[in-house]
1. Of everything in the range B:367-385, what is facing chain A (nearest Cβ under 10 Å) and at negative phi? Give them in sequence order.
2. Looking for something open to solvent by 40 Å² or more (accessible area, probe 1.4 Å), of a type in the set (D, E, K, R) and closer than 18 Å to B:ASN48 by Cβ - is there at least one such residue anywhere in the range B:274-284?
3. Quick one: which of B:SER77, B:SER15, B:SER47 is free of Cβ contacts under 8 Å to residues at least 40 places away in the same chain, away from every other protein chain (no Cβ under 14 Å) and either within 16 Å of the ligand (Cβ to nearest atom) or not in a helix (DSSP H, G or I) (or both)?
4. Considering every residue within the range B:105-114, establish whether at least one is among the polar types (S, T, N, Q), in a helix (DSSP H, G or I) and within 16 Å of the ligand (Cβ to nearest atom).
5. So B:MET201 ticks every box in (1) away from the ligand (no atom under 16 Å from the Cβ); (2) surrounded by fewer than 24 Cβ atoms within 10 Å (Cβ to Cβ) but one. Which box is left unticked?
6. For the range A:9-47, which positions are more than 8 Å from chain B (Cβ to nearest Cβ), open to solvent by 50 Å² or more (accessible area, probe 1.4 Å) and in a strand (DSSP E or B)?
7. Within the range B:369-417, which residues are open to solvent by 50 Å² or more (accessible area, probe 1.4 Å), under 30 Å from A:VAL8 (Cα atoms) and among the basic types (Lys, Arg)?
8. Name the single residue, out of those in the range B:209-244 being within 16 Å of the ligand (Cβ to nearest atom) and open to solvent by 10 Å² or more (accessible area, probe 1.4 Å), that is farthest from B:LYS103 (Cα to Cα).
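The values are calculated or read from the model by the stated rules, or taken from the named source; none is laboratory data. Everything numeric here is computed off the predicted structure, so don't read it as measured data. Here the Cβ positions follow ideal geometry from the backbone for every residue, glycine too, while neighbour counts run over all protein chains shown. Areas reflect the complete protein model, heavy atoms only, side chains present, ligands, DNA and RNA absent. Shrake-Rupley method; radii C 1.70, N 1.55, O 1.52, S 1.80 Å.
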Amino acid sequence: MNDEEISVEAILDHYRNPHNYGKLESSNASFTEFNPICGDTVHIQLSIADGTIQDARFVGRGCSVSQASASMLTDLLKGKKVEFLESMTEPEFLGILGIKVGPAREKCALLSLTAAKKAVKGAT
Amino acid sequence: MFDPVRVARDFPIFSRGDLTYLDSAATSQKPSSVIRAVEDYYSCCNSNVHRGIYRISEEATELYEKSRENISHFIGSTDPTGTVFVRNTTEAINLLSYTLGRKLAPGDEILLSVMEHHSNMVPWQLLRERGVVIRYADIDSDGKLDLEDLKSKISRKTRIVSLTHASNVLGTINPVSEISRTAHEASALFILDAAQSVPHMPVDVRSIDCDFMAFSGHKMLGPAGIGVLYGKQDLLSDLPPFMGGGDMIREVRLDGATWNTLPYRFEAGTPNIEGAIGLSAAVDYLRNLGMEDVRYHEKDLMSYVMKRAEEIQDLIYYGPRDPEIHGGVFSFNLGDIPAFDLESELKGVRRPESSHELHPHDISSFLDQSGIAVRAGHHCAMPLMTRLGVQATSRASFYIYNSRKDADKLFIALENAKKAFAR
Ligand SMILES: Cc1ncc(COP(=O)(O)O)c(C=O)c1O
């Protein structure tokens, strides 16, 4: 397997067995983002205390890229400072996902990041 | 009957050799004759129409007007002044909503259907500002228009019935002559969105007796940026202008202007001359194949596609099962792709890893790896997606250059996609 095939496999793994799927009871920041082009939807829930993301979960429906990226992002965010999320750029996140996506599917890949950032903005 | 494999040879794009094009409902490919017609025009007599008193301008004007006559005959109209060149279906319907809308009063009703493309929905919805009421005829479980529902929603208040001839999602071919009569009995205007019918079947504006009709060149082998608004002469004459500018006027003074005759009144500014000439060449190509045969070919292909579809487990497809009323559009999902509902999702009603659905986006990306171009999404028919209870669908659409082989490729790739994404 070359690098690209490995990351496609990683995406498929997360798609088949999403991490952190379901309701987060302690959530105090959440946001639903959807892509009107294809209907892909991701709802991110964060539990934030003392500027740190204690826990992260998501629910959603959509293509493998949008759902796997939400699974990977929620893994990544746990235990991180809120600033870590706020300062993460789109190219950085795409780099972490490690897949090459065309412009049409970039939106799917970024859906969860957008949702998470908006969740933090509206955090209670 | 023509052979689609030979037809495909007339289309330079297929010399790539790696393309299975199943997205003609979005836009069609172009045969060399159309490409050549546009090129010839640029090389022989490019100039502005209706203006120059010199030879090439007269030649350009003649080519442009001959194209109008040709296209007008193609749709069964005997009067080319009722054939207005516009950019596309969307522009034609906006022209109608803008001009007809100015005559509507609060409480007047416009009847559409839930299967309309956004371009036959949003322009009418803009009139709600004036108090105009928009109503929608429903579909039945087979994806056919519910005629009882449609008739029950027509009343004395109905001023316009605007309907698609063939659905770009369901493939449904609507009984438009009958609906035209129903509309006229209620003294309403009948407008036909023919974007998915004029390219695929014989369409005769006189036998349908539509008052206006809209279609796009790019979906019927012609260039993009050229389309047609057909209208009955007396009705077009009654409409106020749409866009103001050059060509649409007779005389301009500092305190106002008078309007040009039809169809120029609705063709403000320099028109898409090469587009009209290209579309005329496209019409020649289609006429040469024979529109009856085009329809027959697609019906035959769709019967085959529906048969193959039954063999694939979890494949759900939409629209009528009867190929007689199903155009060359095949919308489907692998597994159920219901609309997202946050509440039930948070309650954990449905675990993603236990479902076997495959999202349209994944399907189209996967098919793309085998050079198969299909569309995924809402197909500019979001209310229809809601009505069907789905988030999105995949859509394979067929045309004159597609054969059963292309359908076979599609179904083989779909089986492979199911394996690749199996949970
Ligand atoms: C039924 C129908 N109506 C209208 C349109 C709009 O056509 P255009 O984008 O060329 O204006 C389409 C194109 O997708 C269509 O399928």
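1. B:ASP368, B:ALA376, B:HIS378, B:MET382, B:MET385
2. So in the range B:274-284, the residues open to solvent by 40 Å² or more (accessible area, probe 1.4 Å) come out as B:274, B:284.
With of a type in the set (D, E, K, R) added as a condition, the list becomes B:274, B:284.
This time we only want the ones that are closer than 18 Å to B:ASN48 by Cβ, so: B:274.
Yes, the range B:274-284 has at least one match.
3. On the way: B:SER77 fails: free of Cβ contacts under 8 Å to residues at least 40 places away in the same chain; B:SER15 fails: either within 16 Å of the ligand (Cβ to nearest atom) or not in a helix (DSSP H, G or I) (or both).
Answer to the selection: B:SER47.
4. Scanning the range B:105-114, I find no residue that is among the polar types (S, T, N, Q), in a helix (DSSP H, G or I) and within 16 Å of the ligand (Cβ to nearest atom), so the answer is no.
5. The number of the failed condition is (1).
6. Hits for the range A:9-47 are A:SER30, A:PHE31.
7. Those that are open to solvent by 50 Å² or more (accessible area, probe 1.4 Å), under 30 Å from A:VAL8 (Cα atoms) and among the basic types (Lys, Arg): B:ARG375, B:LYS405, B:LYS409.
8. This residue is B:PRO223.
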